[in-house]
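See structure below.
Throughout, read-outs are computed from the coordinates displayed, never taken from laboratory work. Please read all numbers here as calculations on a predicted model, not as lab measurements. In this analysis, Cβ positions are derived from the backbone assuming ideal geometry, glycine residues included, and neighbour counts consider all displayed protein chains.
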């Protein structure tokens, strides 16, 4: 998606160690008109999928998921990273290893909000090692729901997550795929036929 | 806001110990058309305020804040509950005590995204003891920004937060204020003149 690629080129900052900071528009401060265009593009890409629910994970997936949900006309469920005393009843749960936070999270979704009748689109801001997505896919499978696909804002194409998840036969649509990046020369994007 | 009150009456569940579960539409599964109407109502209530940024806190504030932001035409910044290795540079920080999770969080906002030029509307899903809001207000003050007001989805009027925050001279607009609630008789709302 050219709009997102241009935004990453303009406002993203490449740091040592494969870190891309996009906190000025994606995962700390959030650019809502950009999210709206991203939601439109996911809807165009998944036009043929009978999505009735969007699943994301707290915290930085929630904003893009909610704005995207307007274009699909469906509710959003966000997976929670720790057991809250306000969540009762049964939950689907899994463990997710976070590289960013260097720890393992318990991740839960209430059984009330995901079941065999659901056709799920997973939305998240980043795809790198794919650990978060593997956890969310496992939750969708536990629920007996149909996974229609995954919409990602920024995929780090040089990390193994994209190949790993697509290798499971899951349709992944990343709006920007970074082929390579470094501090001096910036970011290079993968061309994606059929993407705007 | 009658629409939200009706939704709480219909789908909210009152539990022992002053707990109101609204996880089917507000803070786990999220009803986006409802959020859209809530955003419209906050915009109507704060029509005279020159808001240029919405501030919220992860995780359950992010959805309502993002959908509301469309009506204000402004970006959203969400305060983060733990220091991430991906946040560099200087941050505003404060400590917030969570009754729900029975712990104290460090809460941070990057200095890049909040400053003296900002006119801030804080949006959050719940107001009970007011601890989260006190923390966010302190961050706005640290930034030298102008706090235009606070928009809350559900205020527990029988807990001290609302009086505490309004006592500081801050304008708080809660779309539904619960006067009292119990397991048998359900929820009673406070009438609010000028609210839809």
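Miscellaneous remarks
- FRET efficiency, 1/(1 + (r/R0)^6) with R0 30 Å, evaluated for residue B:142 and residue B:192 via beta carbons: 0.45
- GNM flexibility winner over chain A from A:156, A:112, A:21 (Cα, springs under 10 Å): A:112
- Geometric extent, Cα atoms of chain B - Rg, Dmax (angstrom): 16.1, 52
- Stokes-Einstein diffusion coefficient of region A:89-151, Kirkwood radius over Cα pairs, 25 °C, 0.890 mPa s, in µm²/s: 201
- The angle between the Cα long axis of helix B:2-11 and the main principal axis of chain B comes to about 70°, on a 0 to 90 degree scale.
- Inter-copy label distances at residue B:163, shortest first and taken from points set 7 Å along Cα to Cβ: 6.3 nm.
- GNM top mover of B:138, B:29, B:159 - chain B, alpha-carbon springs below 10 Å: B:29
- Across the identical copies, how the residue B:82 labels are spaced - nm, sorted shortest first, 7 Å along Cα→Cβ: 0.6
- Counting from the shortest, the label point at residue B:188, 7 Å from Cα toward Cβ, is 7.0 nm from the same position in each remaining copy.
- Residue-averaged beta-carbon neighbours from other chains (10 angstrom radius) around B:64-76: 4
- Shielding of B:14-25 by partner chains, average beta-carbon count, 10 Å: 2
- Compared with the rule-of-thumb size 2.2 N^0.38 Å for a compact globular protein, the protein assembly as shown has a Cα radius of gyration ratio of 0.95.
- Between A:93, A:24, A:110, the residue with the greatest mean-square fluctuation in the GNM of chain A (Cα pairs under 10 Å linked by springs) is A:24.
- Shown is the FRET efficiency for residue A:95 and residue A:19, computed with R0 = 25 Å from the Cβ-Cβ distance and rounded to the nearest 0.05: 0.55.
- Ranking of A:131, B:10, A:188, A:80 by count of other Cβ atoms within 10 Å, fewest first: B:10, A:188, A:131, A:80
- Counting every other Cβ atom within 10 Å of each residue's Cβ, B:117, A:97 order from fewest to most as B:117, A:97.
- Fewest-first ordering of A:22, A:187 by other beta carbons within 10 Å of each residue's beta carbon gives A:187, A:22.
- Averaging the sequence gap over all C-alpha pairs within less than 8 Å and six or more residues apart, then dividing by the number of residues, gives chain A a relative contact order of 20 percent.
- Peptide B:29-38 shows a mean partner chain C-beta count of 5 within 10 Å per residue C-beta.
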